[in-house]
Amino acid sequence: MCQNDHFIDRAKDWDTKSHRVKNAESLAKAILKHVKLTGGEHLMDFGAGTGLLSWFLADKISKITAVDFSSAMLEQFKSKSWPCEIDILQTGIEPDFNGLNVEGIISSMTLHHIEHTLKLFKKFFDVLKPGGFLAIGDLVTEDGSFHTDNSGVFHFGFEEQNLVELMKISGFSEIKFSIVHEMEKGFEEGIKKYPIFLLTGIRMH
Ligand SMILES: C[S@@+](CC[C@H](N)C(=O)[O-])C[C@H]1O[C@@H](n2cnc3c(N)ncnc32)[C@H](O)[C@@H]1O
């Protein structure tokens with residue numbers, strides 16, 4: 001177990017929240033619009049958690065490597081009946097991808113938990129085979145109200161311009177950013193909407 005595991009108490013009930021499932025499904029649909037999958041791909045899901053995003057893509061690829069630092073979340077991932085081959089890579093707080101080499105990287109709602117975004121993007125680039133894609137879904141800049149407890153949260157969402165710049169510096173091409181979903185959360189003062197982006201890019205060579 002990672003000592004910074006903020007997900008340990010939430011793993012069992014993670015999939016019972018419909019706003020999370022809907023978000024993962026919307027992201028998967030948006031990824032399929034941006035990326036042509038042949039069925040033979042090995043994907044890495046960074047911050048895979050219980051596997052919500054992987055779930056909606058698993059029947060369209062051959063293998064997923066679920067990367068996460070939370071053993072509790074990964075236990076939930078492992079407990080599912082997957083239609084493709086799966087592999088589990090438990091990392092520390094500084095992700096080490098162990099020489100992994102894949103056709104695509106997917107990630108949902110994890111980037112805001114990572115302190116050094118540029119460092120991570122450079123590692124993502126190294127993990128991809130030439131022609132491989134990166135597809136990240138996360139929050140657009142918010143006011144800090146999305147999480148009830150902000151421990152382990154390094155960014156209150158992201159700005160398009162900033163992420164696109166970091167992707168360019170990391171070597172990515174064909175970078176695209178679009179709002180693909182809105183997550184809704186109820187508060188005493190009413191419902192708040194949080195736009196979710198999908199950021200994609202290709203490692204050309
Ligand atoms: C908000 S959850 C999202 C889980 C899943 N992708 C989803 O959409 O339901 C963030 C996940 O990222 C993982 N995580 C956070 N920081 C991490 C780090 N530095 N290295 C690896 N995994 C991390 C957490 O353990 C958690 O499973």
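The values are calculated or read from the model by the stated rules, or taken from the named source; none is laboratory data. Predicted model only: the values in this text are computed from it and were never measured. In this analysis, Cβ positions are derived from the backbone assuming ideal geometry, glycine residues included, and neighbour counts consider all displayed protein chains. The area values use the complete protein model at the heavy-atom level, side chains included, leaving out ligands, DNA and RNA. Shrake-Rupley method; radii C 1.70, N 1.55, O 1.52, S 1.80 Å.
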**Q.** About the Cα centre, charge dipole magnitude for the stretch 118-205 (Lys/Arg +1, Asp/Glu -1 at Cβ), debye
**A.** 640 debye
Q) For the stretch 25-41, what does the Karplus curve 6.51 cos²θ - 1.76 cosθ + 1.60, with θ = phi - 60°, yield as ³J(HN,Hα) per residue in whole Hz, taken in order and with x for Gly and Pro? A) 5, 5, 5, 4, 4, 5, 4, 5, 6, 8, 10, 8, 9, 9, x, x, 6
Q. Mean projection of the alpha-carbon convex hull of the chain over all orientations, in nm²?
A. 10.6 nm²
Q: Could you work out, for the stretch 29-94, what percent of all Cα-Cα pairs fall into each 10 Å distance bin, beginning at 0 Å and stopping at the bin that holds the largest distance?
A: 22, 54, 22, 1
Q: Would you be so kind as to identify which of Met183, Gln161, Val102 lies farthest towards the positive end of the dipole of the chain, taking Lys and Arg as +1 and Asp and Glu as -1 on Cβ and the Cα centre as origin?
A: Val102
Q | Whole-percent carbon and sulfur share, accessible surface of the chain, 1.4 Å | A | 49 percent
Q) Most mobile of Lys80, Lys60, Lys122 per a Gaussian network model of the chain (Cα springs, under 10 Å)? A) Lys80
Q.
I want to check the label-to-label distance for Thr38 and Asn150. Put each point 7 Å from Cα in the C-beta direction and report it in nm to one decimal.
A. 4.6 nm
Q) Which of the pairs Lys33/Lys78; Lys36/Lys122; Lys36/Lys193; Lys80/Lys185; Lys22/Lys60 have their Cα atoms more than 25 Å apart in this structure? A) Lys33/Lys78; Lys36/Lys193; Lys80/Lys185
